[in-house]
1. If we scan the range 70-77, do we find a residue that is surrounded by fewer than 20 Cβ atoms within 10 Å (Cβ to Cβ), part of a loop (DSSP other than H, G, I, E, B) and in contact with a strand residue (DSSP E or B) (Cβ under 7 Å, 6 or more places away or on another chain)?
2. What's the number of the only condition in (1) exposed (fewer than 13 other Cβ atoms within 10 Å of the Cβ); (2) of a type outside the set (S, T, N, Q); (3) within 15 Å of the chain's Cα centre (by Cα) that Lys63 fails to meet?
3. Being modelled with pLDDT of 95 or more, more than 30 Å from Pro177 (Cα to Cα) and not polar (S, T, N, Q) narrows it down to one of Glu7, Glu24, Glu3, Glu33, so name that one.
4. What are the residue pairs meeting all of these: first residue in the range 152-178, first residue within 15 Å of Lys81 (Cα to Cα), second residue hydrophobic (A, V, I, L, M, F, W, C) and assigned to a loop (DSSP other than H, G, I, E, B), Cβ atoms under 9 Å, and 6 or more apart or on different chains?
5. Suppose the filter is more than 20 Å from Pro15 (Cα to Cα) and either of a type in the set (Val, Ile, Thr) or not in a strand (DSSP E or B) (or both); does Glu161 pass it?
6. Looking only at the range 87-102, count how many residues are buried (at least 16 other Cβ atoms within 10 Å of the Cβ) and more than 21 Å from Glu121 (Cβ to Cβ).
7. How many residues does the range 38-68 contain that are part of a strand (DSSP E or B) and modelled with pLDDT under 90?
Amino acid sequence: MIENNLEITPYKIPPDAFMAALTELSIPFEVFEHEAVFTVEESHKVTGQVPGAHCRNLALYNKKKQMWLVTLRDETQMDLKKLETILNSGRLSFMRPERLWNALGVRAGSVTPFSIMNDTEQNVTLVLEEDMLAEPLVNFHPMINTMSLALAPQDLLRFVEATDHTPVLFSALDVAPD
């Protein structure tokens with residue numbers, strides 16, 4: 001169970017160890033340090049210094065305890081009900097802190113597609129926006145929200161493949177609000 005203590009470990013895999021894993025996979029990246037950001041709105045304060053598409057992540061689950069990590073560009077408008085239809089999931093809820101920690105090994109505010117590496121039993125389905133993958137660079141936290149890491153989308157996919165996950169892709173048009 002997660003303690004209500006600010007001194008708890010913020011991640012299962014430290015950013016340095018994660019970046020060493022990327023280097024081992026010969027995946028190039030650039031790191032940008034910044035103040036802690038917890039929301040897309042807060043991240044707009046730091047995006048000026050970070051090139052590429054800025055993204056957000058939604059850690060979701062349903063009543064059957066199936067879990068999804070949805071990654072999309074921060075400007076993509078999304079109707080959650082349409083995503084539920086695409087995933088054939090039924091009603092989705094956001095993961096609570098304990099479930100998030102147990103499933104992905106990160107705290108709220110630091111959710112990232114990279115945290116899929118903590119899902120060694122493949123209990124979480126990674127869901128990626130196709131339009132995001134068409135960007136020249138994408139940005140995500142490297143397990144902590146005081147940094148952003150920029151890399152090419154094809155390198156994100158190579159990383160995901162190395163974790164033995166197969167992402168589900170969706171189009172922003174398919175989840176756009178009416």
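1. yes
2. Status for Lys63: all satisfied but (3).
3. Glu24
4. Ala172/Met78; Val175/Met78; Ala176/Met78; Pro177/Met78
5. No: the conditions fail for Glu161.
6. 0
7. Summing the residues that are part of a strand (DSSP E or B) and modelled with pLDDT under 90 in the range 38-68 gives 0.
Yes/no per residue for (1) of a type in the set (A, V, I, L, M, F, W, C); (2) more than 13 Å from Arg73 (Cβ to Cβ); (3) surrounded by 18 or more Cβ atoms within 10 Å (Cβ to Cβ):
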site: Ser115; (1), (2), (3): no, yes, yes
site: Asn123; (1), (2), (3): no, yes, no
site: Glu130; (1), (2), (3): no, no, no
site: Thr146; (1), (2), (3): no, yes, no
site: Leu151; (1), (2), (3): yes, yes, yes
site: Ala162; (1), (2), (3): yes, yes, no
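The values are calculated or read from the model by the stated rules, or taken from the named source; none is laboratory data. Remember, predicted model here, so these are calculated numbers, not experimental data. Note that each Cβ is placed from the backbone with ideal geometry, even for glycine, and that neighbours are counted across all protein chains shown.
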